[in-house]
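Undergrad: Would you mind keeping the following structure in view while I ask a few things?
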Amino acid sequence: MEIVSRIDAARIALDALIERSTRIVAFTGAGISTECGVPDFRSKNSPWQRLKPIDFDIFISDVLQREEAWRRKFALDDIYGHVQPGRGHWALANLVASNKVVGIITQNIDNLHQASGVAAEHIVELHGNGAYATCLDCGKRHELGPIRRDFMATGAAPICGDCGGIVKTATISFGQSLPEAAIQRAYEMATGCDLFLAIGSSLVVYPAAAFPTIARQHGARLVIVNDEKTPLDDVADIVLRGDIGDIFEPFAA
Ligand code: NAD
Ligand code: ZN
């Protein structure tokens, strides 16, 4: 494992790695979105350290907690709902457009890969998407605008008009199982790539954090891009230690 921490050296190393790879998969975590103004999960100032996310079983069983979850969702949307992609997102979008990056596996729920123009077919969302909601019973998609209007008027958590089921943002909560199809697609991407870029994830949330190791075991070079140590640094071929936006900037233009 080699650690590269000077920005110019990190850019040169990344450029060389991308140049000699043909099927690159990017794996992104909250760190790619911090420069956009969305705090990551584990940093000191993260709102999630003060307001622990509500577990799935409590969301289901306790209507007051369900209403609280929706109140928090709309409060957070007021702060983070209008953020724009950052340099890391734009760089990956360009690399998808030039067919270098074949897929993006993301733990993020902020919709910023889509906002940078990457088509849904190239994105696997392991933890869902906070830009809409779904019925937990029939799976119907519900838009947040009407839910918010009704919630502000009545204070009641939304119920599916089709089947009466509980409606929840399309994100995966603690205690909720990950979507099987997403896991399967991520596995195929990880095992079929020749370069796996793990960008801005603390690599501690499983099963998501298993994919870098799976890719490495199947022959891909593993590169970790992060401004701090991760538990998988020793497994990586190269660690680019620094700011994601700065490192990816040459690809973002
Ligand atoms: P994390 O918060 O655990 O880790 C983020 C990592 O990125 C940290 O190691 C941090 O040092 C690094 N980082 C932050 N900013 C960076 C920068 N500018 N340059 C380089 N490195 C930087 O995030 P995670 O591993 O993705 O796990 C958090 C979980 O919480 C995810 O499962 C996700 O679903 C959820 N979450 C999502 C968002 C989002 O959608 N943007 C935000 C917060 C949390
Ligand atoms: Zn329904």
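Undergrad: So how long is each side of region 167-253 along the principal axes, counting just the alpha-carbon atoms, biggest first, in Å?
TA: That works out to 41, 28, 28 Å along the principal axes.
Undergrad: What nm value, rounded to one decimal, do you get for the distance between Arg20 and Ile166 when each label is placed 7 Å out toward the C-beta?
TA: Computed distance between label sites Arg20 and Ile166 equals 5.2 nm.
Undergrad: Which whole-angstrom value gives the distance between the alpha carbon centres of region 97-124 and region 178-245?
TA: 15 Å
Undergrad: Under 18 Å Cα to Cα from Lys52, which lysines show up? Leave out anything in the same chain fewer than 8 places away.
TA: Partners found: Lys44, Lys73, Lys168.
Undergrad: Report ³J(HN,Hα) in whole Hz for each residue of region 233-238, in order, from the Karplus equation J = 6.51 cos²θ - 1.76 cosθ + 1.60 where θ = phi - 60°; Gly and Pro get x.
TA: Rounded to whole hertz, the list is 3, 5, 7, 6, 6, 9.
Undergrad: Sticking with this one: Computed over the Cα atoms of the chain, what is the ratio Rg over Rh, Rh following Kirkwood?
TA: Numbers: Rg = 18.7 Å, Rh = 18.9 Å.
Rg/Rh: 0.99.
Undergrad: Could you calculate the FRET efficiency of Gln49 with Ala210 from 1/(1 + (r/R0)^6), where r is the beta carbon distance between them and R0 is 30 Å, rounded to 0.05?
TA: 0.75
Undergrad: Phe56 to Glu228: FRET efficiency via 1/(1 + (r/R0)^6), r the Cβ-Cβ distance, R0 25 Å, to the nearest 0.05?
TA: It comes out at approximately 0.30.
Undergrad: I need the semi-axes of the equivalent ellipsoid of region 41-127: take the C-alpha gyration tensor, multiply each eigenvalue by 5, square-root it, list largest first in whole angstrom.
TA: Output for region 41-127: semi-axes of 31, 15, 12 Å.
Undergrad: Over region 73-123, what relative contact order in percent results from Cα pairs under 8 Å that are six or more residues apart? Display every interim value, and only then the final one.
TA: Numbers: 28 pairs, mean separation 20.1, N = 51.
RCO, region 73-123: 39 percent.
Undergrad: Follow-up question, since we're still on this one. Over the chain, what is the relative contact order in whole percent, taking alpha-carbon pairs under 8 Å and six or more residues apart?
TA: Value for the chain: 29 percent.
Undergrad: Now for a separate question. Return the FRET efficiency for the residue pair Ala97, Glu188: r is the Cβ-Cβ distance, R0 is 25 Å, and the value is rounded to the nearest 0.05.
TA: Details: r = 21 Å, r/R0 = 0.86.
For R0 = 25 Å, the calculated efficiency reads 0.70.
Undergrad: Read phi for every residue in region 16-33 and hand back ³J(HN,Hα) as whole Hz from Karplus 6.51 cos²θ - 1.76 cosθ + 1.60, θ = phi - 60°, with x for Gly and Pro.
TA: Each residue of region 16-33 in turn: 5, 5, 5, 4, 9, 10, 10, 10, 9, 10, 9, 10, 10, x, 4, x, 6, 9 Hz.
Undergrad: Here's another thing I want to ask about it. Enumerate cysteines in the chain without a disulfide-compatible partner, where compatibility requires another Cys Cβ under 4.7 angstrom.
TA: Isolated Cys, the chain: Cys36, Cys193.
Undergrad: With a 10 Å Cβ neighbour count serving as the proxy for reagent exposure, in which order, fewest first, do Thr230, Thr106, Thr22, Thr169 appear?
TA: Details: Thr230 19, Thr106 32, Thr22 11, Thr169 22.
Taking fewest neighbouring Cβ atoms as first place, the list is Thr22, Thr230, Thr169, Thr106.
Undergrad: Quick check on the exposure proxy: order Leu92, Leu144 from fewest to most C-beta atoms within 10 angstrom.
TA: Fewest-to-most ranking of Leu92, Leu144: Leu144, Leu92.
Computed from the coordinates by the stated procedures, all read-outs in this text should not be read as laboratory data. Just so it is clear, the model here is predicted, and its values are computed rather than measured. Here Cβ is always computed from backbone atoms with ideal geometry, including for glycine, and neighbour counts include all displayed protein chains.
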